[in-house]
Each structure stands twice: as C-alpha cells, then as structure tokens.
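The structure under discussion appears below in the form of structure tokens.
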Amino acid sequence: MEIIKKVDNKFLNRTELELKIPHKNQPTPTREWLKSEIAKEFKAEMENIKIKYIFSQKNRDYSIAKVHIFSDKNQKKDNKNKTQDKS
C-alpha cells in the first residue's frame, strides 16, 4: 500500500488519505480487508475508518482508494449528521 496523498484535516479532526493498493492478478480489495490493513498500519480503530471509495481501472494491477481516519468515532458520527442536514 502506497500513500499518494495525506492531509491532516484539523477542522474535521481526521486524516484524509489517498492510497495506491497493488493487487496483481487479484480482484479489487474489499472494504473490510482495506479497513483492517489501514487499522494495522495507522494504529487506528476500525470504527474510526471510513472508506470513501475504492476505484480500479481495467487492465491495471492496482486500485486507488480515498480513506478518512477520524480521531474518534463520535467525530465520524457528527460529520455524517452535518452532511445529512445540508441535503
């Protein structure tokens, strides 16, 4: 797993990651697998991790993922409620 971009968003109390995930001759990684790998690598709890997307292109041996790691699970819920109120 390679970090393409890392942003510490102090306003929303989260770390925003863009990752390149190699998977030669394998299907696109699952969200659960990716969450567990991120939890190990960044020493975060799985409930504090939100995977925005995992994207694979045809004939590529890697995927691109956008992930948010929240400082605590309450912050994750607060941000979700704020975005729902705007709709």
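The values are calculated or read from the model by the stated rules, or taken from the named source; none is laboratory data. The structure presented is a predicted model; accordingly, all values stated were derived computationally and were not measured. All Cβ positions, glycine included, derive from the backbone under ideal geometry; neighbour counts span all protein chains shown.
Observations on the structure shown:
- Here Glu45 does not fit the description of being modelled with pLDDT of 95 or more, of a type outside the set (A, V, I, L, M, F, W, C) and within 13 Å of the chain's Cα centre (by Cα).
- Residue count for region 25-52 satisfying the condition of being touching a helix residue (DSSP H, G or I) at 6+ places or on another chain (Cβ under 6 Å) and either part of a helix (DSSP H, G or I) or within 15 Å of Ile64 (Cβ to Cβ) (or both): 6.
- Among the numbered conditions (1) at pLDDT below 90; (2) crowded, with 16+ Cβ neighbours inside 10 Å; (3) among the β-branched types (Val, Ile, Thr), the only one that Ile54 does not meet is (1).
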